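What follows is a single structure, written as structure tokens, with notes after it.
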Amino acid sequence: MRRILIVGAGQSGLQLAHGLLAEGYEVTIMSARTPDEIRNGWPTSTQAMFAPALDTERRYELNLWDDQAPPIAGLRVNLSAPPGTRALDVIAELERPAQSTDQRLKLAAWLELAEHRGATVVHNTASAADLDTLTTHGHYDLTIVAAGRSDLAAAFDRDPARSPHTTPQRGLAIAYVHGLAPDPDWPAPHVGFHAVPGLGELFVIPALTHAGACDILFWEAVPGEDLDRWPANGSRVPPTEHLQTTLDLAKQYVPWVYERCRNVELTDAKATLHGRFTPTVRTPIAHLPGGGVALGMADVVVTNDPITGQGANTAAKCADHYLRAILAHADRPFDTTWMRDTFEAFWTTTAHAVTAWTNAMLQPLPEHVQQILATAATNQAVAQRFAAGFADPSTLTDWFMTPTGAADYLASIRT
Ligand SMILES: Cc1cc2nc3c(=O)[nH]c(=O)nc-3n(C[C@H](O)[C@H](O)[C@H](O)COP(=O)(O)OP(=O)(O)OC[C@H]3O[C@@H](n4cnc5c(N)ncnc54)[C@H](O)[C@@H]3O)c2cc1C
């Protein structure tokens, strides 16, 4: 039986672990946190996931919250321009619903379930030295590092050709709340995407947390501008203060959301998160001092800003891709050629499009994107094609990403 070590019990690591266990592999998971620490900790994400990514979870019966998570019907895009005034309104329905299940709920349960399904779980925050030891003794046929945006990612070199940014592009601040009134124009659960040009964005995301259905108010702030009210060093802000700042900004910049916030309260004592990170693509193989190697997965090797809500989706797709590559490789050694080919195929089919689109959305919206959104405001076909891009960003490449592609598409719509 082949032995696989997965360092990091997050979206990608646990999903891959479950796939491998079901396929008869011997799996060891090294987790920095116990299930209770995950469950009772601070939120880590807004984790909106679209149907193709959810399908990869369903394949191994990890969809434990399908009956409880609010079915997200689509996206409503507004522009606040001038700030405080709604200038654009796009209602974009998804073909199939998305979901956001609090990672505290999901990953704690998945970790317990993995142990129940036969994984060996080791509770340890692996250091680079641990990784060196773990990969040199030949105990595992393959070591995968799925430790997210942690210090361990530094074991993988930054790939400057694929990493245009050297500083964080947004300050991130999320608050899980109960009591948000439904959008009066579209009461079905949907993601609200409220852009404040030059300053940032507010996302409103229906989700499921410990205490049931909720919403997440998520400010993405351009660093140094007026929405950027949370400490850049990440020092913890008391949750009630965090919520008050969130609401004060909503009142000023997106009053139509603030109107819905009259009865909001935090879902729990640890319902907030803020911080910032630099979007980075890394090379996929860590070469350890003792001669061992490890393959990086998901956020370890491709970290994008959450502005397009793709990190957990990409992590799920990465787990699915790596699983298929492991199964296809059968009994052959997992050498560096296999590792490089596996990552490059994932980059080409999935991560490249996500990264290009996400980095583009961090910039002021170019003229052709403004034209697309203006058309989408009155044309459902265009709006739905835009929404479909969140489910599969590779579908955006031909028409959304370049002025000529957009012009051709909009001309075809007119005829
Ligand atoms: C504010 C915010 C909002 C987001 N919103 C969305 C969204 O709406 N949609 C979306 O798709 N994505 C979103 N994301 C991104 C998404 O959460 C991540 O991309 C995704 O969880 C990455 O999965 P992963 O498996 O790579 O790592 P993670 O899910 O982060 O898991 C890594 C795990 O490794 C563990 N770990 C860390 N270091 C070690 C170590 N040394 N040893 C052992 N274990 C370790 C951690 O405790 C963690 O459990 C958001 C991110 C942020 C910050």
Within the range 318-334, tally of residues that are open to solvent by 40 Å² or more (accessible area, probe 1.4 Å) and in contact (Cβ under 8 Å) with a residue 12 or more places away in the chain: 4
Among residues of the range 233-289, those that are part of a loop (DSSP other than H, G, I, E, B), small (Gly, Ala, Ser), at pLDDT 95 or above and within 16 Å of the ligand (Cβ to nearest atom), counted: 1
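Conditions tested, residue by residue: (1) farther than 18 Å from GLY171 by Cα; (2) touching a Cys at 6+ places or on another chain (Cβ under 6 Å); (3) not hydrophobic (A, V, I, L, M, F, W, C).
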position	(1), (2), (3)
LYS270	yes, no, yes
HIS274	no, no, yes
PRO279	no, no, yes
ILE285	yes, no, no
GLY291	yes, no, yes
MET297	yes, yes, no
THR308	no, no, yes
ASN313	yes, no, yes
ALA325	yes, no, no
Any chance ALA175 is touching a Ser or Thr at 6+ places or on another chain (Cβ under 8 Å) and either within 11 Å of the ligand (Cβ to nearest atom) or assigned to a strand (DSSP E or B) (or both): yes
Filtered residue count, the range 144-167, keeping only those that are open to solvent by 40 Å² or more (accessible area, probe 1.4 Å) and within 14 Å of the ligand (Cβ to nearest atom): 4
Filtered residues of the range 290-307 (kept if more than 8 Å from the ligand (Cβ to nearest atom) and either under 20 Å from LEU20 (Cβ atoms) or touching a residue at least 60 places away in the same chain (Cβ under 8 Å) (or both)): GLY290, GLY291, GLY292, VAL293, ALA294, LEU295, GLY296, VAL301, ASP305, ILE307
Boolean, LEU21 is more than 15 Å from the ligand (Cβ to nearest atom), surrounded by 15 or more Cβ atoms within 10 Å (Cβ to Cβ) and outside any loop (DSSP other than H, G, I, E, B): yes
Any hit, the range 60-75, residues being touching a residue at least 40 places away in the same chain (Cβ under 8 Å), open to solvent by 20 Å² or more (accessible area, probe 1.4 Å) and of a type in the set (A, V, I, L, M): yes
Among the candidates ALA195, ALA188, ALA213, residue that is of a type in the set (A, V, I, L, M), open to solvent by 10 Å² or more (accessible area, probe 1.4 Å) and part of a loop (DSSP other than H, G, I, E, B): ALA188
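The values are calculated or read from the model by the stated rules, or taken from the named source; none is laboratory data. Computed from a prediction, not measured in an experiment: that's the story for all the values here. Note that we place each Cβ from the backbone using ideal geometry, even for glycine, and neighbour counts take in every protein chain shown. Areas reflect the complete protein model, heavy atoms only, side chains present, ligands, DNA and RNA absent. Shrake-Rupley method; radii C 1.70, N 1.55, O 1.52, S 1.80 Å.
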